[in-house]
Amino acid sequence: MNLTRTSLILCPENYKVCVEFYSTTLELPVLHTLDDEHSKLTCVSMGETSYLMIETGGNSVPDRKTLDQNPIWLRFNVENVEEAAEELKPKGVNVKIRKEVWGTVADFTDPDGNICSLREEGSF
């Protein structure tokens, strides 16, 4: 199989708020938006070869979802975790830096409670 691109589909309950979070707060460029009688979705870039498609129909929780509620964890690789985390804090994102033996990550949630994290690209 020769993959040309990869994507994830996220179905939040709070579609507009989540689109704003990923496109504005995380500054992921919007690739495509569709809003007609058949579909409502927005695709944002997650780098050169992947994208996140945000649709409708999910459930939100007030805090962080458990892995039973959503077994997917969105990971965004960055050059420097601590610098990227500092960029998110003034935007109202509650980021918690965690140092592990395999590297440093910064955990946060989107407006629907989906788990996200930053990780340094070179530490794998």
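Within the range 26-53, the set of residues being among the hydroxyl-bearing types (Ser, Thr, Tyr) and in contact with an Asp or Glu (Cβ under 9 Å, 6 or more places away or on another chain) comprises Ser39, Thr42.
Only one residue in Glu48, Glu83 is acidic (Asp, Glu), more than 14 Å from Cys11 (Cα to Cα) and at pLDDT below 95, so which one is that?
Working: Glu83 fails: at pLDDT below 95.
Being acidic (Asp, Glu), more than 14 Å from Cys11 (Cα to Cα) and at pLDDT below 95 holds for just one of Glu48, Glu83, which is Glu48.
Taken over the range 68-102, residues that are under 15 Å from the mean Cα position of the chain (by Cα), assigned to a loop (DSSP other than H, G, I, E, B) and within 12 Å of Arg119 (Cβ to Cβ) amount to 1. Of the residues making up the range 97-117, those that are open to solvent by 10 Å² or more (accessible area, probe 1.4 Å) and either touching a residue at least 24 places away in the same chain (Cβ under 8 Å) or within 19 Å of Tyr22 (Cβ to Cβ) (or both) are Asp107, Thr109, Pro111.
The residues of the range 68-96 that are out of contact with any Cys (no Cβ under 8 Å at 6 or more places or on another chain) and in contact (Cβ under 8 Å) with a residue 40 or more places away in the chain, listed by number, are Gln69, Asn70, Ile72, Asn77, Val78, Glu79, Asn80, Leu88, Lys91, Gly92, Val93. Which of the following residues is within 21 Å of Lys96 (Cα to Cα) and among the acidic types (Asp, Glu): Glu27, Glu55? Answer to the selection: Glu27.
Selection of the range 16-39 for residues being open to solvent by 70 Å² or more (accessible area, probe 1.4 Å) and outside any helix (DSSP H, G or I) yields Glu27, Pro29, Val30, Leu31, His32, Thr33, Asp35, Glu37, His38.
State all residues of the range 103-124 that are of a type outside the set (Asp, Glu) and either touching a helix residue (DSSP H, G or I) at 6+ places or on another chain (Cβ under 7 Å) or part of a strand (DSSP E or B) (or both); if no residue qualifies, say none. Let's see the steps before the verdict.
Residues of the range 103-124 that are of a type outside the set (Asp, Glu), as a first pass: 103-106, 108-109, 111, 113-119, 122-124.
Within the range 103-124, Gly103, Thr104, Val105, Ala106, Phe108, Thr109, Pro111, Ile115, Cys116, Ser117, Leu118, Arg119 meet the criteria.
The values are calculated or read from the model by the stated rules, or taken from the named source; none is laboratory data. Since the structure is predicted, the reported quantities are computational estimates derived from the model, not experimental observations. Quick reminder, even Gly has a Cβ in these numbers, built from the backbone with ideal geometry, and neighbours come from all protein chains shown. Only protein heavy atoms, including side chains, enter the accessible area calculation; ligands, DNA and RNA are left aside. Shrake-Rupley method; radii C 1.70, N 1.55, O 1.52, S 1.80 Å.
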